[in-house]
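Every number here is computed from the coordinates shown, using simple stated rules; none is lab data. Not measured: the values here are computed from a predicted model. Neighbour counts run over all protein chains shown; Cβ positions are idealised from the backbone, glycine included.
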Amino acid sequence: MARLTPAKSRSTRKPKPSSSSGMDAAAEPNPEPQRRPKQDRSAGGGGGKKAKSGGSKKAKSGGFESMGLCEEVYRGVRHKGYRVPTPIQRKTMPLILAGVDVAAMARTGSGKTAAFLLPMLNRLRRRDPGAGVRALILSPTRDLAMQTLKFTKQLGKFTDLRTSVIVGGDSMESQFEELSECPDIIIATPGRLMHHLNDVKDMTLRSVEYVVFDEADSLFSMGFAEHLHDILKKLSDTRQTLLFSATLPSALADFAKAGLRDPQVVRLDLDKKISPDLNLVFFTLRQEEKLAALLYLVRERISSEEQTMIFVSTKHHVEFLNILFREEGLEPSLSYGAMDQEARMIHISKFRARKTMLLIVTDVAARGLDIPLLDNVVNWDFPAKPKLFVHRVGRVARQGRSGTAYTFVTSEDMPYLLDLHLFLSRPLKPAPTEEELLRDMDGINMKIDQAIANGESVYGRFPQTVLDLASDGIKEVISGCTELNALEKPCANAFRLYLKTRAVPSKESIKRVKDLPREGLHPIFRDVLRSDELSALAFSERLKSFRPKQTILEAEGEAAKARNFKGSNQWLDVMKKKREVHEGIINLVHQKSSVDPRPEEEEDGILNWEKKEVCGTKRKSQSFRDEDYYISSVPQNHHLEAGLSVRNNEGFVQNRLDAAVLDLVDDEASGMQAQKTRYHWMKNKFVKLNSGDRVTATGKIKTEGGAKIKASATGIYKRWQQRTHKSINIGGKSGSFAEERTSSAGGYHGGNNKHFSGGRGRRSIPNANVPSEIRNPDQMQKSRQKKAMEITRLKNKSAKDGKFQNKFQKNRRPDGNGKGRGNGKGAGKGGFGKGLGKGGKGPNKGGKGKGKVKGKGGR
């Protein structure tokens, strides 16, 4: 969230930057303390003494003082120790406070969450139960929603606004309880919010005036398009809409469904998409060597005092690594989408509290999750999209701290590595080989350090001896653990499915990989191996690259000649003739490859390493076009916009001319099939689907946890309503109640006077302690329930009395003389007797004589 500077204390010591702020930015230094001008307030807080003209200082520009925040919100900012806003906050907060729709992009850790939370709190200010829900924040994952709730409570500590979080995995009944109290702010994931809207008919979002799409590109590309479309239809047209993300494309056509009205686009850090304090390390290895490399990193290269987050592709790999680490004596935390919500919160809380130093996660934790003291990130599987890599490594190097991102790269991942550096506009170089290091070790090491300091990426190999030693130990652990043996096959199947469904790299990068030079040992292992080990590695590398000049047939023929073997050298003559025929063709191909290089446009962003080129040599300019007037079909920022694309599973292979093609009916079989997948028959018309949207035949909707539920009402709300006798009415109607139960001191009281009780300097209100005569809905419901119970009790009593009366009708005599019998003891005399017992009635009514009555009230 916010990257802000802690306020200085009055003591002479320097302040320490807050490490547990929970806001996704580092602090900006501010050497001079900026104090808010003091204002004398009266007891009621409305009018007070005028400030002295000479005593108050003028507010300095550039701080939160100059943004016009209300007193409660400003106190929340100062309570956290923050003073100077970050660049994204300076750019967007004045626009948001002015009521303008904003689409903002800035790198991870730049303070985007505070940029939309502070204007929201300033706009709502005070609680108004009768107004309904006034702010809605949509998040793509549960963890990000819970984190946003935490920041909202921290910044809104001095306001009485009520916030409710609606995420999947939690109990629906507990969320019904929160919604029945009419919250002012709802933080939700789209799937669970749509579930509530389908179940609760009285729930409407027409009163929402402030909508935020946090990580907007993820919301519009994760399959939430159907949910978002239904949610936006329930919102009012006068709302203010905000889009925030670290990877936002310049064209807002993909966000047309968000309902933006004349939005202001703010895009910062386009040239620096990752933190400059982040160190990128890339290791090339085989898939089966990843386990050994990971254990070596955790044990040897990463300190036990540093926290590390490990990203894997599937939940099966999370469970596998969890059991493996526990067998090795390491206790990790874990989190993935299908995990129980309570368990996820417990594991992440343990990791935040530094009770565990390892966190194994899938990509659900790649967005927005803020771990203040995180030191390292390990990418077990290379991300298919460049912006996903940016979000993963953006968990470290926050709040001015440094960090390291380790990434495992297999031979199949090399095209994705090239696409990533084209997206980052960052040079990529292979590590120098062992032979080069043996020739000039000091000079090569100095050049490597200089290249890394200039922001260039270097990829290299893992030491094979280290991998071999670690692999032997891992095999023994796996063979002795039945759980690991059982998980091996599910992990292999899940990874195979992951490879089938991930995005495809660009064709240019696939071609470039074939021309990449062989990399050497990674520079971070320069202190691990001695000079003799480097010599052995150099010799083994020469053996791998050895290519004999003769075939085996020619070698046997030469050996036969040497032994003076008399016989026909038939195969030797055949190979000589074959060489004479094909030698010209081979030389011609070599000449073409040395003269005809890649086009000039493909060389951008990739520099040479000691005349070693990743993409070939540059071609001399042979074009006659005028660069001042030429308009290319390929935009200059093609790689950047392709990496930021919201369209699902396309990325760099997206056809740039798709948007310019008219939607005509195709007359070929392949085109007709493609059009069928782009359109869906809904009621009486075809509806065009966005890329990645799919319609299931069952009519079920998919939640963020992956579960499919019915789109219609499930009846959970009706059962909860019958059990608790409560209802949800957050429509914000003008005639609805405006009262609320009395809260703690400093809270909001019901009634017509909207003042805060308690607190210093507040004006006393006459009869403030007298309870209000206006009953709230809970009291009305309670009184109705009491009346209903009383009516039921009286009916039961009357039915019981009628039953006994019919039973004793046979004791009545026509002349009025008779005896009364009952359960109690008593005596009746004359026509109307009086009993001293209980329950008895005498039938001697209006007659003469004596009647013995047993019971109370006998006649």
>> For region 278-542, report the % of Cα-Cα distances exceeding 31 Å.
In response: 26
> What FRET efficiency do you get for L252 and V504 if R0 is 30 Å and r is their Cβ-Cβ distance, rounded to the nearest 0.05?
Replying inline: 0.70
> Between S402 and R518, what is the label-to-label distance in nm when each label sits 7 Å out along the Cα-to-Cβ direction?
Replying inline: 3.4
>> Within region 66-267, count lysine pairs with alpha carbon atoms under 16 angstrom apart where the residues are 8 or more positions apart or belong to different chains.
In response: 9
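Quick one: compute the contact order of region 89-222, relative version, from alpha carbon pairs under 8 angstrom and 6+ residues apart, as a percent. Please list the in-between numbers first.
On the way: 167 pairs, mean separation 40.7, N = 134.
It comes to 30 percent, rounded to a whole number.
How large, in Å, is region 242-332 by the Kirkwood hydrodynamic radius built from its alpha-carbon pairs? Write out the running numbers ahead of the final one.
Details: mean 1/r = 0.0569 Å⁻¹.
Over region 242-332, the inverse of the mean reciprocal pair distance is 17.6 Å.
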> For region 349-419, with equal point scatterers placed on the C-alpha atoms only and solvent neglected, what are the log10 I(q)/I(0) values from the Debye formula at q = 0.25, 0.28 1/Å, to two decimals?
Replying inline: -1.23, -1.43
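Which FRET efficiency value, to the nearest 0.05, is calculated for K355 and E558 with the Förster distance at 60 angstrom and r the Cβ-Cβ distance? Kindly include the intermediate steps, with their values, before the conclusion.
Numbers: r = 70 Å, r/R0 = 1.17.
Calculated transfer efficiency: 0.30.
So, by mean Cβ neighbours within 10 angstrom, what's the order for 97-110, 208-221, 778-791 with the highest one leading?
Values: 97-110: 21.6, 208-221: 24.1, 778-791: 11.4.
The densest-packed peptide leads the list: 208-221, 97-110, 778-791.
Mind scanning K514/K592; K272/K514; K290/K315 and naming the pairs with a C-alpha gap bigger than 24 Å?
Values: K514/K592 16 Å; K272/K514 29 Å; K290/K315 17 Å.
From the list (K514/K592; K272/K514; K290/K315), the Cα-Cα distance tops 24 Å for K272/K514.
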> Amide H neighbours of G520 under 5 Å, counting only residues 5+ apart in sequence or on other chains, H built in-plane at 1.01 Å?
Replying inline: A431, T433, R461
> Tell me, in nm to one decimal, what length is gained between E328 and E773 on full extension, where the rule is 0.36 nm per residue of separation less the Cα-Cα distance?
Replying inline: 153.4 nm
> Highest mean first, what order results for 261-267, 527-533 on Cβ atoms within 10 Å?
Replying inline: 261-267, 527-533
> Of the listed peptides 792-798, 68-74, what is their order by residue-averaged count of other C-beta atoms within 10 Å, with the highest listed first?
Replying inline: 68-74, 792-798
>> Which three extents, in angstrom, do the Cα atoms of region 413-480 have along their principal axes, listed largest first?
In response: 47, 34, 18
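What is region 278-542's relative contact order, in percent, from Cα pairs under 8 angstrom and six or more apart in sequence? Can you show the working numbers first?
Numbers: 387 pairs, mean separation 70.7, N = 265.
Over region 278-542, the number comes to 27 percent.
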> Over region 391-481, what relative contact order in percent results from Cα pairs under 8 Å that are six or more residues apart?
Replying inline: 22
